1. Can you name the strands (runs of 3 or more DSSP E) wholly within region 59-102 that have at least 2 residues being without any contact (Cβ under 8 Å) to a residue 12 or more places away in the chain?
2. For region 10-22, which positions are in contact with a helix residue (DSSP H, G or I) (Cβ under 8 Å, 6 or more places away or on another chain) and of a type outside the set (A, V, I, L, M)?
3. In the set 89, 73, which member is in contact with a His (Cβ under 9 Å, 6 or more places away or on another chain), under 22 Å from residue 10 (Cα atoms) and among the β-branched types (Val, Ile, Thr)?
4. Hey, any hits in region 5-20 for a residue that's assigned to a strand (DSSP E or B) and closer than 19 Å to residue 117 by Cβ?
Amino acid sequence: MTDEKILQFFDRQPDALPLYEKFEKCVAELVPDVRIKVQKTQVSFYNRHMFACVSFARVRKKKDCPDSYIVVTFGLDHKAESSRIDIATEPYPNRWTHHILISDLSEIDGELMEWVKEAAVFSDKK
């Protein structure tokens, strides 16, 4: 369900909109009570707390970034190990923030959505 705020958010990168739309649809299927908030630099996904967001954060050098992409960010109580994860940081003990650059619809897959589902459960317990 693409509203005006989402379209404005993707104004500068309209080719990335289909990536976002697929991600949003998958999140809505996993987290029935999800709330979505469009902000200046990210689109945030909430249950009781924010558990994931989509942005254009710089997680790779510009020359290593595809023309069209989104960055999916989520938080877990542990560091997920995968070559897909561009950056993982531990801003608080046992609270890991993960950033994954997505440039193809096929990358919005079971593995990614399992992490997002885990992040939603983790967030709901805070």
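The values are calculated or read from the model by the stated rules, or taken from the named source; none is laboratory data. Just so we're clear, the structure is a prediction, and the values are computed from it rather than from any experiment. Using ideal geometry, Cβ is built from the backbone for each residue, glycine included, and neighbour counts are taken over all protein chains shown. Accessible surface areas use protein heavy atoms only, side chains included; no ligands, DNA or RNA. Shrake-Rupley method; radii C 1.70, N 1.55, O 1.52, S 1.80 Å.
1. Values: elements: 70-76, 87-92, 95-102.
So the answer is 87-92.
2. 10, 18, 20, 22
3. 73
4. Looking only at region 5-20, we keep the residues that are assigned to a strand (DSSP E or B), and these are none.
Scanning region 5-20, I find no residue that is assigned to a strand (DSSP E or B) and closer than 19 Å to residue 117 by Cβ, so the answer is no.
Table: residues versus (1) touching a Cys at 6+ places or on another chain (Cβ under 9 Å); (2) open to solvent by 60 Å² or more (accessible area, probe 1.4 Å); (3) modelled with pLDDT of 95 or more.
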site: 51; (1), (2), (3): no, no, yes
site: 60; (1), (2), (3): no, yes, no
site: 66; (1), (2), (3): no, no, no
site: 69; (1), (2), (3): no, no, yes
site: 73; (1), (2), (3): yes, no, yes
site: 76; (1), (2), (3): no, no, yes
site: 80; (1), (2), (3): no, no, yes
site: 85; (1), (2), (3): no, no, yes
site: 88; (1), (2), (3): no, no, yes
